[in-house]
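Here, each number is a calculation from the coordinates, and none is a lab measurement. Bear in mind that the values here come from a model prediction, so they are computed numbers and not experimental data. Here the Cβ is made from the backbone with ideal geometry for all residues, glycine too, and neighbour counts use every protein chain on show.
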Amino acid sequence: MTEQPQATLSRDEGQLVSEAKAGNYAAFEELVNRYEKKIYRLGMNITGNREDAEDVLQDAFLKAFEHLPDFREDSRFYTWITRIAVNEALMKLRKRRSSREVTMEDSEDENGDVQVREFADWKPNPEQQFAQSELEQILQTAVGSLSPGFRTVFYLRDVEGLSTEETAEMLNLSVGAVKARLFRARLRLREELSKTFKRG
Amino acid sequence: MNCNKAIKEICRYLDGELDEGLKTTLETHLTYCNHCSAVYDSTRKTIQLYCDGKVFSLPDEVHTRLHDALKRKLQRGV
């Protein structure tokens, strides 16, 4: 197999955006290939549901394709598509729970104590004790038990590795609110998973 | 340091945000408190599980449907 030149393997994102804006569909497709896995995972983490995650993925990239001429390139394409996908995912949740308003402004106090109900140790290597599909189901159920505001913060900070400040900016939250939600989200997820993974 | 305070600081500890003094106090607490040590380990493990690229991997058919939808949009004209 002939190895492709490095320049082809890792083409500059800005260059791809410029080419896509000029009408080169292959360049846009390369951007999609680069980020589709991350955007799908975002959809899974925020909606907690395969079908909704696929809708989020499609709607986000279709919207990005449509609005590419408006993309001002003052941020990375990845930041832009992530922002679109977060909005799509939250909209999806609003539609699903039309009787309950879903916003980033959950009515959680920022400094209250958290009751930790589950102190158990986990079995070693829980990921090796379940088939991948089982583990996916367990993680999906646990993340689905969080409120949208919490799971979105958890996803952006812990999975995507955005800074607290970047997460706050993306979600129009204060830095303090992001920190408080991350704290609670981590503990609640841990508690949910402990029900399955705790030792005997 | 009591357990309530330790639990509150575990999050900042995971993010490397604690100053040296508080970090040492928490680490000392974690060496003798099995409860808080279990909470710390399992919280760290929780994050790792969700970061694992194998979980929530993109199914081939979802990839195909996305690219088909984009091509249809391209053919219709944006």
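Highest mean first, the peptides B:5-16, B:61-72 sorted by other C-beta atoms within 10 Å per residue fall in the order B:5-16, B:61-72. The lysine pair count for chain B, using Cα distances under 20 Å and pairs eight or more places apart or on different chains, is 5.
Report summary: the helix-based calculation at 222 nm, which adds -39500 (n - 2.57) for every DSSP H run with n ≥ 4 and divides by the residues of chain B, gives -25000 deg cm²/dmol. For the range A:13-96, the Stokes-Einstein estimate of translational diffusion at 25 °C and a viscosity of 0.890 mPa s comes to 191 µm²/s, using the Kirkwood hydrodynamic radius over alpha-carbon pairs.
Distance between the 7 Å Cα→Cβ label points at A:E73 and A:K95: 3.3 nm. Cβ-to-Cβ counts within 10 Å put A:S133, B:S42, A:S163 in ascending order as A:S133, A:S163, B:S42, the fewest first.
With the charge dipole of chain B set up from +1 on Lys and Arg Cβ and -1 on Asp and Glu Cβ about the Cα centre, the Cα lying farthest toward the positive end among the listed residues B:I10, B:L30, B:L58 is that of B:L58. Label sites at A:S174 and A:N125, each approximated as a point 7 angstrom past Cα along Cα to Cβ, lie 4.6 nm apart. The trypsin sites (Lys or Arg not before Pro) of the range A:24-82 that DSSP puts in a loop, and whose beta carbon has at most 10 other beta carbons within 10 Å, are A:R72. Partnerless cysteines in the protein assembly as shown, where a partner means another cysteine C-beta under 4.7 angstrom, comprise B:C3, B:C11, B:C51. Look at the dipole of the range A:126-197 built from charges on Cβ: of A:T141, A:V159, A:S174, the Cα furthest out on the positive end belongs to A:S174.
Straightening the chain between B:E17 and B:L74 buys 15.8 nm, computed as 0.36 nm per residue apart minus the Cα-Cα spacing. Computed 3J(HN,Hα) for the range B:3-16, one whole-Hz value per residue from the Karplus formula 6.51 cos²θ - 1.76 cosθ + 1.60 where θ = phi - 60°, is 5, 4, 5, 4, 4, 5, 8, 4, 4, 5, 5, 4, 8, x, glycine and proline marked x.
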